[in-house]
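The values are calculated or read from the model by the stated rules, or taken from the named source; none is laboratory data. All values reported here derive from a predicted model rather than from experimental measurement. Because the Cβ atoms are built from the backbone with ideal geometry, glycine has one as well, and the counts that use them run over all protein chains shown. The protein model used for the area step is the full one, side chains on, heavy atoms only, and it has no ligands, DNA or RNA in it. Shrake-Rupley method; radii C 1.70, N 1.55, O 1.52, S 1.80 Å.
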Amino acid sequence: MAQAAGFKVCVVGGAGGIGQPLSLLMAMDPLVSELCVYDLTLAMVPAAGVAADLSHINSRAKVSAYAFDKDDKAIDKAEECLTGCHLVLVPAGVPRKPGQDRKDLLGINAGIAKNIVEACAKFCPDAVIGLIVNPVNSVVPAMCEMWKKKGLNPAKICGVTSLDILRANKFVYELTGAPIGGIEIPVIGGHAGATILPLFSQDKAAATIAADKIPELDKKVQDAGTVVVSAKGGKGSATLSMACAASRFAKAVLAGLNGTDTVECAYVMSSITELPYFASKADGELSVYEKERLAGLMATLKEEIDAGLEYAAANEFA
């Protein structure tokens, strides 16, 4: 039997809390023939160690490590790592500190994302870029607009929102006991707080849940990340579930590149609403509650998009 086409995947931040399990899942994917683990030399676990560990897994993937100093510019150093990549996953950036202004966080994390995305624009402009960099609602528009300035296709830049779907699916399963493999809740809007809108009306199992329980279930999906941070005593955030979700996104992308039609929610440049960036995957009529929630989230999401657009207006790729 002929072997499926192989793809080159890079995980930026591959030695980190999300990056290590995500690299493991990518190394195990039969469509991945080459995996690059990219991280900084100051990472607690060296990228070379992660790559050596993964290289012993019984899979076809050739695993390589690339480590750079924190002041290195990827556009100057990462040519070998990024050239030929079909998919670049970026679980990078710093977490928001208590009391930190979102604009300050955006300035830091957009700078981190820009360092790698501008290098992708040069060395792998046809790759799909999956961003897992908070605040996603602002970072994705910022990177897309700068990508466009280079004359490149902004549809290649995606904010990975699959974790919202996994959470919604699991919570519906816990309430209904329906076969979890058949539950699929589209989640639209953005990827933070009230901008996250699970469309429970669009799933057969979720549609059986009493209407008066939906607001609480909706809030549970919105607040799920905070629950993990609290359970970890402030010593971490959602890393394992995020890696699983990013792997789901990656598998959908790779299957599509391999010729299999796939559909996955992601936060992307969009024209389905008046906002220029939106996560979507929905068919059919929204419930009254969902229509009200959608109307309510638009102003917040617009504000977060505008922050990204302002960053892009003041910056450009090298």
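Observations on the model:
- Against the empirical 2.2 N^0.38 Å (N residues), region 92-182 has a Cα radius of gyration ratio of 1.35.
- Net dipole in debye of region 8-80 [+1 Lys, Arg Cβ; -1 Asp, Glu Cβ; about Cα centre; nearest 20]: 220
- Within the accessible area of the chain, the carbon and sulfur atoms contribute 55%, probe 1.4 Å, all protein chains present.
- Translational diffusion coefficient (Stokes-Einstein; Kirkwood radius from C-alpha pairs) of region 243-318 at 25 °C, 0.890 mPa s, in µm²/s: 163
- Listed by chain and number, the lysines whose alpha-carbon sits under 21 Å from that of K235, ignoring those within fewer than 8 places in the same chain, are K97.
- Reach of K148 by Cα under 19 Å, taken over lysines that are not fewer than 8 positions away in the same chain: K114, K122, K156
- The Stokes-Einstein estimate for region 1-47, based on a Kirkwood radius over Cα pairs and taken at 37 °C with 0.692 mPa s viscosity, is a diffusion coefficient of 295 µm²/s.
- Placing +1 on the Cβ of every Lys and Arg and -1 on the Cβ of every Asp and Glu, with no other charges, gives region 139-198 a dipole of roughly 380 debye about its Cα centre.
- Ordering of 109-120, 250-261, 151-162 by packing is 109-120, 151-162, 250-261, highest average first (other Cβ atoms within 10 Å, averaged per residue).
- Pairwise centroid distance, computed over Cα atoms, of region 117-176 with region 209-236, Å: 22
- Between the residues C244, T273, T262, the greatest Cα displacement towards the positive end of the dipole of region 222-284, with unit charges on the Cβ of Lys, Arg, Asp and Glu, is found for C244.
- Among D53, D306, D101, the largest mean-square fluctuation in a Gaussian network model of the chain, built with springs joining Cα atoms closer than 10 Å, belongs to D101.
- Taken along its principal axes, the alpha carbon cloud of region 160-318 reaches lengths of 52, 42, 36 Å, longest axis first.
- Spatial extent of the chain: Rg and Dmax, with the Cα atoms as the point set, Å: 19.1, 57
- Applying 1/(1 + (r/R0)^6) with r as the Cβ-Cβ distance of A211 and K291 and R0 = 22 angstrom yields a FRET efficiency of 0.95.
- In this structure the amide hydrogen of H191, modeled in the peptide plane, comes within under 5 Å of the amide hydrogens of N137, none closer than 5 places in sequence on its chain.
- Computed from the Cα positions only, the extents of region 1-133 along the three principal axes stand at 56, 29, 22 Å, in decreasing order.
- Rounded to the nearest 20 debye, the dipole size of the chain about its Cα centre is 400 debye, using +1 on the Cβ of Lys and Arg and -1 on the Cβ of Asp and Glu.
- Our coupling estimate for region 172-182, obtained by passing each phi through the Karplus curve with A = 6.51, B = -1.76, C = 1.60 and θ = phi - 60°, is 5, 4, 5, 7, 9, x, 5, x, 5, x, x Hz, Gly and Pro reported as x.
- Spherically averaged projected area in nm², based on the convex hull that wraps the Cα atoms of region 128-253: 8.4
- Label-point gap, in nm, between D72 and K150 - each point 7 angstrom along Cα→Cβ: 1.8
- Accessible area per residue for the chain is 46 Å², calculated with a 1.4 Å probe on protein heavy atoms, without ligands, DNA or RNA.
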